[in-house]
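Read the figures in this text as sums done on the coordinates, not as results from a lab. Here the structure is a predicted model, which means the values were calculated and not measured. Counting neighbours? That spans all protein chains shown, and the Cβs are built from the backbone with ideal geometry, glycine included.
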Amino acid sequence: MLYWHIFLAFFIPGIVGYGGGPASIPLVENEVVDHYGWMTVPEFSEVLALGNSLPGPIATKMAGYIGYEQGGVLGSIVGIFATVAPSLLLMIVLLGLLYKYKDSPKVKRMTNYIRPTIAVMLGVMAFSFFSTSYSDSGVLQTVILVGVSFFLLEKLKVHPAYVIMGSLIYGGIFL
């Protein structure tokens, strides 16, 4: 039954997570943290930060890690397969249909209507991470990390992986 739950925890976000990895992360968080209780929000944010610092698709790295934590090597395989299965099935079944209607104004409108929903979901997840870090680390540490990260990312255009690594080192030393 555990492997079925691992499969569902990553297959459902893969089906409904229109827009790829970033759009499906809040859905994975809902399944892993809220529905199954396999992780806490801080643990999930650590896995997310670690996954973001490594190359490749974020959803498959998270599925592999969380699947391994819950069910060993087989759990990791099930989680990764569940993450790629929706895309694989849609590519096989709907490729011809998608190619036929790719320039349709209705399809383009639908895509434009979905984008704000994804933005709101990412905003809610960011707020959840912010409030958790605020309560766990304190206001001073949170303000320092947010301020320095914003400055490095937006003003100096430092690659996000370096900012994440710097934050990890800062947390390891000062927190």
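Scaled against the 2.2 N^0.38 Å expected of a compact globular protein of N residues, the Cα radius of gyration of segment 31-110 reads 1.41. Here's how it looks for V158: its modeled amide H is under 5 Å from those of L153, which are all 5 or more places away or on a different chain. Length gained on full extension, Y162 to A119: 13.1 nm, using 0.36 nm per residue less the C-alpha separation.
What FRET efficiency comes out for S53 versus T111 if R0 is 22 angstrom and r is the Cβ-Cβ distance? Round to the nearest 0.05. List each step's numbers first, then the result.
Values: r = 30 Å, r/R0 = 1.34.
The value I calculate is 0.15.
Loop only per DSSP, at most 11 neighbouring Cβ atoms within 10 Å: give me the chymotrypsin sites (Phe, Trp or Tyr not before Pro) in segment 1-41, ordered by residue number. Show your work: numbers first, answer last.
Numbers: sites: Y3, W4, F7, F10, F11, Y18, Y36, W38; in loops: Y18, Y36, W38.
Sites meeting the loop and neighbour criteria: none at all.
In the chain, the DSSP-assigned H stretches of four residues or longer account for a calculated mean residue ellipticity at 222 nm of -28000 deg cm²/dmol, using -39500 (n - 2.57) per stretch and the full residue count as denominator. Using bins of 5 Å that start at zero, the share of Cα-Cα pairs per bin across the chain amounts to 1, 8, 14, 18, 18, 15, 12, 8, 4, 2, 1, 0, in whole %.
Restricting the calculation to Cα atoms, segment 77-175 yields a radius of gyration followed by a Dmax of 20.1, 56 Å. Place a point 7 Å from the Cα of V16 along the Cα-to-Cβ direction; which residues of segment 112-138 have their backbone N under 18 Å from it? Counting backbone N atoms under 18 Å from the label point, the list is 114-126.
Relative contact order (percent) for the chain, with alpha-carbon contacts under 8 angstrom and 6 or more residues of separation? List each step's numbers first, then the result.
Working: 142 pairs, mean separation 41.8, N = 175.
Across the chain, relative contact order equals 24 percent.
Distance between the 7 Å Cα→Cβ label points at K155 and L98: 4.2 nm.
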